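Inspection log for the structure reproduced underneath, given as structure tokens.
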Amino acid sequence: MSGPGSDSGTRDVPAATGPRVALVTGGASGIGAATAARLRTDGLDVVTADLGPGADATLDVTDHDAVAGLVADRGPFAVLVHSAGVVGPAAPLTELDLEDWREVHRINVDGTFVVCRAVVPGMVAAGWGRIVTLASIAAKEGNPGQSAYSSSKAAVIGLTKSLGKELATTGVLVNAVAPAAVATPMNAATDPAVLARSRALTPMGRMGRPEEIAELIAWLCSERLGFSTGAVYDASGGRASY
Ligand SMILES: NC(=O)c1ccc[n+]([C@@H]2O[C@H](COP(=O)([O-])OP(=O)(O)OC[C@H]3O[C@@H](n4cnc5c(N)ncnc54)[C@H](O)[C@@H]3O)[C@@H](O)[C@H]2O)c1
């Protein structure tokens, strides 16, 4: 095909064909639930998966066999929104248990790896796919009292950038969203002082709403996205400086 795309050594991203099925992990709550609802309004067939109740499928995203089984039963998936994640205990690094550190990384990092690894082959075979991972402003700034969470989300960014580059000519686009504090159940038990600090650092002076994050994710999952992969999209009310 001629045109600017071929000049730069890339190929145009092919259009999706047939019904698109989306997997939304963490889809029973917060950003995942809002995204599942938003993607359904875009006409996608959405499968939500979550450790907790309220999803279409019960799934531990760190369980390779269970993830592979879901992909075999309900896939192949054209879209993955990997929203499953935990914040872990709030504590200074010197007071953090090694087991708590490992658990946050196991769920946030290993889980992202396991789910991405399971869905990518089907997307590549189809020549079209969209993956959105959930990073955080914490990955960019490093939140005090959240060293495990911050470093796990920085790892999610690194994974997303690597995978985006690996798949750049396959039609599968991989991007991350990095929200600041969003009003979801994840923050229900967050220390009010931590939330006050977050609000003070946010030029818009408020928390995000899950629907606002879902809107950005829906665009990243669509054919309207064409020339962007391995990127990190800010959703922080003006807080992020890069
Ligand atoms: N809420 C925020 O302020 C905020 C900010 C930045 C990034 N994020 C990220 O966005 C994502 C969604 O967060 P949220 O606010 O909607 O949180 P949430 O707690 O409302 O939802 C997270 C969901 O993930 C599920 N989950 C946890 N461990 C799992 C596992 N091993 N397997 C399957 N499901 C599992 C939970 O059951 C829950 O339903 C997370 O990755 C989070 O780190 C949230």
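The values are calculated or read from the model by the stated rules, or taken from the named source; none is laboratory data. Quick caveat: nothing in here was measured; it's all calculated off a predicted structure. All Cβ positions, glycine included, derive from the backbone under ideal geometry; neighbour counts span all protein chains shown. Please note that ligands, DNA and RNA were not included when accessible areas were found on the heavy atoms of the full protein model with its side chains. Shrake-Rupley method; radii C 1.70, N 1.55, O 1.52, S 1.80 Å.
Per-structure values
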| read-out | value |
| --- | --- |
| C-alpha long axis of helix 30-41 to longest principal axis of the chain, angle in ° | 30 degrees |
| Dipole magnitude of the chain about its Cα centre (Cβ charges: Lys, Arg +1; Asp, Glu -1), debye to nearest 20 | 640 debye |
| Charge sum, other residues only, whose C-beta stays under 12 Å from Ala200's C-beta, Lys/Arg counted +1 and Asp/Glu -1 | +4 |
| Solvent-accessible area per residue, Å², over the chain with all protein chains present [probe radius 1.4 Å] | 46 Å² |
| Cα long-axis angle, helix 111-126 against the chain (0 to 90 degrees, to the nearest 10) | 10 degrees |
| Relative packing of peptides 107-118, 23-34, 199-210 - highest average C-beta neighbours within 10 Å first | 23-34, 107-118, 199-210 |
| Crossing angle, helix 192-201 versus the chain [Cα axis fit, 0-90 degrees, rounded to tens] | 60 degrees |
| Global geometry of the chain, whether rounded, prolate or oblate, following the gyration tensor of its Cα atoms and the 1.5 cut on a/c | prolate |
| Candidate aspartates and glutamates for bridging to Lys153, where Cα separation is under 14 Å - those fewer than 8 sequence places away on the same chain excluded | Glu103, Asp110, Glu141, Asp234 |
| Length gained when the stretch Arg102-Glu223 is fully extended (0.36 nm per residue, less Cα-Cα span) | 39.9 nm |
